[in-house]
Amino acid sequence: MTQGLDIALIQTRTPATAAAGLAHVEPLIRQAAAEGARFILTPEGSNFLEQRRGLREEALSDEGEDAAVLGLQALAAELGVWLLIGSAIVRSGVPGDARAANRSLLVDPTGAITARYDKLHVFDVDLAGGETYRESASVRPGDAAKLADTPWGRLGLTICYDVRFPHLHRALAKAGAGMIAVPAAFTRPTGEAHWETLLRARAIETGAFVLAPAQGGRHEDGRQTWGRSLVVDPWGVVIAKADHDEPGVLHARLDLGAVDRVRASIPALSHDRTFDPPQ
Ligand SMILES: O=C(O)CNC(=O)[C@H](CS)NC(=O)CCC(=O)C(=O)O
């Protein structure tokens, strides 16, 4: 019999308020648990997703009062599963800074939050097609990388645009992560060009499983995201993939022994050298 950890990624098309966000994701999480997942991961912006130009302070709740965060904690407890809320957009809690935190929350089967991570790299980008993002205007970036303990080993926490910073992933893997979460709300053009390649590269470079639940499709405010949620094994093989942008559940079974086997076979993670800067 094959042993392994049964996980599920939830692909969403999150609406613009936290109450609606919860109503959207809850049935998918119930389905994932009923189908056997013990660890369930949701995308970036799981409480609400909107065109950031209009994000107002009044739209934000404290982490402890957000309808979606509270509802998802209760759901994890009811279903007895581990749940990564890929991110919730909540008040940063930093005095004098009205911006949000874009925060991953790991919830245990009692419903308690056991780890939190604020997105380090915010998306300030002008795309060729005219799409412009200034995430730093509404989101205060975090300043620390984060590993979370799970019954299946250490999980490295990252969010979306963080996937473009390989040294962050290497640092997480060197600190013990055998799984790295990359919840996302990728743009369509960058998703089409880069999403799968970036995720496979991060898995190969770290010898870790990469778990990437994504927002997908055309959201109620017109924003379009690239779905295609993906699970990559430590060898870089895509072991589960949504071939579409529709909301749904993507199951995968992780053979966690693969982490040590891959790292023993190609020990690049321990072969870093220091060198003089290029002249
Ligand atoms: O705004 C929210 O509610 C949730 N956050 C996002 O959607 C963020 C910031 S705008 N999106 C990304 O980081 C996309 C990265 C990307 O697409 C790339 O690196 O190519």
Within the group 91, 99, 103, which residue is within 16 Å of the ligand (Cβ to nearest atom) and within 14 Å of the chain's Cα centre (by Cα)?
103
With the structure loaded, tell me whether residue 184 is more than 19 Å from residue 60 (Cα to Cα), in contact with a Cys (Cβ under 6 Å, 6 or more places away or on another chain) and either at pLDDT 95 or above or more than 8 Å from the ligand (Cβ to nearest atom) (or both) or whether it fails that test.
yes
Any idea which of (1) in contact (Cβ under 8 Å) with a residue 12 or more places away in the chain; (2) assigned to a loop (DSSP other than H, G, I, E, B) is the one residue 274 doesn't satisfy?
(1)
Residue pairs qualifying under the 9 Å Cβ cut-off, at least six apart or on distinct chains, with the first in the stretch 103-121 being closer than 25 Å to residue 30 by Cα and touching a residue at least 60 places away in the same chain (Cβ under 8 Å) and the second being within 16 Å of the ligand (Cβ to nearest atom) and of a type in the set (Phe, Trp, Tyr), are 104/117
Evaluation of residue 10 against (1) modelled with pLDDT of 95 or more; (2) more than 24 Å from residue 232 (Cα to Cα) (one fails), failing number:
(2)
Output the number of residues of the stretch 238-265 satisfying the condition of being among the β-branched types (Val, Ile, Thr) and either more than 19 Å from the chain's Cα centre (by Cα) or more than 21 Å from residue 206 (Cβ to Cβ) (or both).
3
Considering the stretch 34-88 alone, what residues qualify as being among the β-branched types (Val, Ile, Thr), in contact with a Pro (Cβ under 7 Å, 6 or more places away or on another chain) and over 19 Å from residue 223 (Cα atoms)?
81
Considering only residues that are charged (D, E, K, R) and modelled with pLDDT under 90, look in the stretch 17-57 and name the one that is farthest from the ligand (Cβ to nearest atom).
57
Flag for residue 227 being of a type in the set (Gly, Ala, Ser) and touching a helix residue (DSSP H, G or I) at 6+ places or on another chain (Cβ under 9 Å):
yes
Go through the stretch 240-254 and give me each residue that's within 16 Å of residue 24 (Cα to Cα) and in contact with a helix residue (DSSP H, G or I) (Cβ under 8 Å, 6 or more places away or on another chain).
247, 248, 249
For residues in the stretch 243-271 being outside any loop (DSSP other than H, G, I, E, B) and β-branched (Val, Ile, Thr), which is nearest to residue 8 (Cα to Cα)?
249
Residue by residue through the stretch 204-246, note down the ones that are surrounded by fewer than 24 Cβ atoms within 10 Å (Cβ to Cβ), more than 19 Å from residue 38 (Cα to Cα), touching a residue at least 40 places away in the same chain (Cβ under 8 Å) and more than 16 Å from the ligand (Cβ to nearest atom).
205, 238, 242, 246
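Residue-by-condition table, conditions (1) of a type in the set (D, E, K, R); (2) in contact (Cβ under 8 Å) with a residue 60 or more places away in the chain; (3) within 16 Å of residue 184 (Cα to Cα):
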residue: 57; (1), (2), (3): yes, no, no
residue: 60; (1), (2), (3): no, no, no
residue: 65; (1), (2), (3): yes, no, no
residue: 75; (1), (2), (3): no, no, no
residue: 78; (1), (2), (3): yes, no, no
residue: 81; (1), (2), (3): no, no, no
residue: 85; (1), (2), (3): no, no, yes
residue: 91; (1), (2), (3): yes, no, no
residue: 97; (1), (2), (3): yes, no, no
Looking at the stretch 64-78, can you tell me whether even one residue there is within 16 Å of the ligand (Cβ to nearest atom), under 21 Å from the mean Cα position of the chain (by Cα), buried (at least 19 other Cβ atoms within 10 Å of the Cβ) and closer than 29 Å to residue 166 by Cβ?
no
Enumeration of residues in the stretch 148-174 that are surrounded by fewer than 18 Cβ atoms within 10 Å (Cβ to Cβ) and either free of Cβ contacts under 8 Å to residues at least 12 places away in the same chain or among the acidic types (Asp, Glu) (or both):
149, 167
Which count do you get for residues in the stretch 121-161 that are within 8 Å of the ligand (Cβ to nearest atom) and within 17 Å of residue 226 (Cα to Cα)?
6
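The values are calculated or read from the model by the stated rules, or taken from the named source; none is laboratory data. Source: prediction; values computed, not measured. So basically every Cβ, Gly included, is an ideal-geometry build from the backbone, and we count neighbours across all protein chains shown.
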